[in-house]
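Shown next, in structure tokens, is the structure this report addresses.
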Amino acid sequence: MLRLSFSPVRAVLAVAGLACVAALPLTAHAWGNEGHRMINKLAASSLPADVPAFLRSDAAIAEIEYLGPEPDRWRSSAEPELVAVQAPEHFIDLELADALGPLPHRRLDFEAKVFAAGQRPEKIGLQPWQATEVWERLKAALREYRTLTAAHKDTRPVEQAILFYAGWLGHYVGDASQPLHVSVQYNGWTGPNPNGYTTDHKIHWQFEGPFVAANLHEPEVRAKMTATQILQGDIFENYEKYLRHTGISVEKVYQLEKAGGFVGAGTNESKEFTAERLAAGASMLRDMIYSAWIESAKPVPDPYAGK
Ligand SMILES: [Zn+2]
């Protein structure tokens, strides 16, 4: 979903009377409802057979699919405190974040760095921290599931928690396959513009909302999903790599828009590109859920040992 806040550059322009963002649709949802549901459904329905059956059932797939747009349901003015804290978790302007140096793995270390630079985290975005924290919640719940299973106890309550974490995670992983969620160029080109890309504040929603809803379907997206893999090594580093790969395509979105790729039925190229991006989100979500399951088998030290 679109951000409704000003970037610092745009705020200055607006004060100067040169730009306004009044046209941003208040009802917009990232990748639209359809895109988020599709990403979550495709991921849940392609989990490998060694993941517990409760996580692969029709009911589980339906629940995870429903939760795809869940964080976009937290944008109402009826919940102002929640809106303020969670809106920045959908995006990151990598250009602004990188200007402050390497991304720290921990959210509060990043926020401290941002404040120290005289800036605000909500203007830069908190995407990778939210995604990795929710993944760690999922992993912790899967570990609990293993413990309860080994003790022959009822696992139904923890199964509910696992489905929620998996679906909730899917929203952010989905957002992060949308190139306009990882750049200052999130809704109209800013700065030098030798190629004449659109500067209207429309491209973001035009691409991820109505165009996807009208033109992208499960079969062509599923066909572009990659083979299942277990993420090796540090989760934050894996996730950052995924974000940076998405970032490569920021200009591509503008090129496609310029060629009329997001109007009506679009072009073959714009449909191929969009299907590949949705598939990238679904593949990464499937791999993150699967990796959380594998990682949850590793024994961890008892935090209360000796106390
Ligand atoms: Zn979002």
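The values are calculated or read from the model by the stated rules, or taken from the named source; none is laboratory data. Please read all numbers here as calculations on a predicted model, not as lab measurements. As a convention, Cβ positions derive from the backbone with ideal geometry for all residues, glycine included, and neighbour counts pool all protein chains shown. Heads up: the accessible areas ignore ligands, DNA and RNA and are worked out on the full protein's heavy atoms, side chains in. Shrake-Rupley method; radii C 1.70, N 1.55, O 1.52, S 1.80 Å.
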Handout entry: Any chance Arg137 is touching a residue at least 40 places away in the same chain (Cβ under 8 Å) and surrounded by fewer than 20 Cβ atoms within 10 Å (Cβ to Cβ)
Key = no
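For the subset of region 120-140 comprising residues that are assigned to a helix (DSSP H, G or I) and of a type in the set (D, E, K, R), which member is farthest from Tyr165 (Cα to Cα)?
Going through region 120-140, the residues assigned to a helix (DSSP H, G or I) turn out to be 121-124, 127-140.
Now drop any that are not of a type in the set (D, E, K, R), which leaves 122-123, 133, 136-137, 139.
Details: Glu122: 23, Lys123: 26, Glu133: 10, Glu136: 9, Arg137: 7, Lys139: 9 Å.
My answer is Lys123.
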Exercise for the section: Quickly run through region 132-178 and pick out the residues that are away from the ligand (no atom under 16 Å from the Cβ) and aliphatic (A, V, I, L, M). Expected result: Leu138, Ala140, Ala141, Leu142, Leu148, Ala150, Ala151, Val158, Ala161, Ile162, Leu163, Ala166
Handout entry: Subset of region 44-58 (residues that are open to solvent by less than 70 Å² (accessible area, probe 1.4 Å), touching a Phe, Trp or Tyr at 6+ places or on another chain (Cβ under 9 Å) and either assigned to a helix (DSSP H, G or I) or among the acidic types (Asp, Glu) (or both))
Key = Phe54, Leu55
Practice task
Being within 16 Å of the ligand (Cβ to nearest atom) and of a type in the set (Phe, Trp, Tyr) is the filter here, so list the residues in region 179-198 that pass it.
Solution key: Tyr186
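Pick out, from region 195-307, the helices (runs of 4 or more DSSP H) lying fully within it that include 2 or more residues that are farther than 30 Å from Arg107 by Cβ, open to solvent by 60 Å² or more (accessible area, probe 1.4 Å) and of a type outside the set (Asp, Glu). Talk me through it step by step, then tell me what you get.
Working: elements: 203-206, 212-215, 218-222, 235-247, 250-258, 268-295.
Result: 218-222, 250-258, 268-295.
Tell me, yes or no, whether region 59-68 has at least one residue that is of a type outside the set (Val, Ile, Thr), assigned to a loop (DSSP other than H, G, I, E, B) and at pLDDT below 95.
Narrowing region 59-68 to residues of a type outside the set (Val, Ile, Thr): 59-60, 62-63, 65-68.
Now restrict to residues that are assigned to a loop (DSSP other than H, G, I, E, B): 68.
Next, only the ones that are at pLDDT below 95 stay: none.
No - not one qualifying residue is present in region 59-68.
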Handout entry: In region 92-128, the residues that are in contact with a Pro (Cβ under 6 Å, 6 or more places away or on another chain) and among the hydrophobic types (A, V, I, L, M, F, W, C)
Key = Phe110, Val114, Leu126
Problem - Ser77 vs. criteria closer than 28 Å to Asp58 by Cα and either within 14 Å of the ligand (Cβ to nearest atom) or of a type in the set (S, T, N, Q) (or both) - result: no
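Within region 142-154, which residues are free of Cβ contacts under 8 Å to residues at least 40 places away in the same chain and not in a loop (DSSP other than H, G, I, E, B)? Steps first, answer last, please.
Here is the first cut: in region 142-154, the residues free of Cβ contacts under 8 Å to residues at least 40 places away in the same chain are 144, 147-154.
Matches in region 142-154: Glu144, Thr147, Leu148, Thr149, Ala150.
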Practice task
Select from region 80-106 the residues that are under 30 Å from Trp189 (Cβ atoms), charged (D, E, K, R) and either open to solvent by 50 Å² or more (accessible area, probe 1.4 Å) or away from the ligand (no atom under 16 Å from the Cβ) (or both) and list them in ascending order.
Solution key: Glu95, Asp98
Handout entry: Check on Lys41, closer than 18 Å to Ser283 by Cα, in a helix (DSSP H, G or I) and either among the acidic types (Asp, Glu) or away from the ligand (no atom under 16 Å from the Cβ) (or both)
Key = yes
Practice task
Go through (1) under 17 Å from Ala131 (Cα atoms); (2) in a helix (DSSP H, G or I) and name the single condition Ser177 misses.
Solution key: (2)
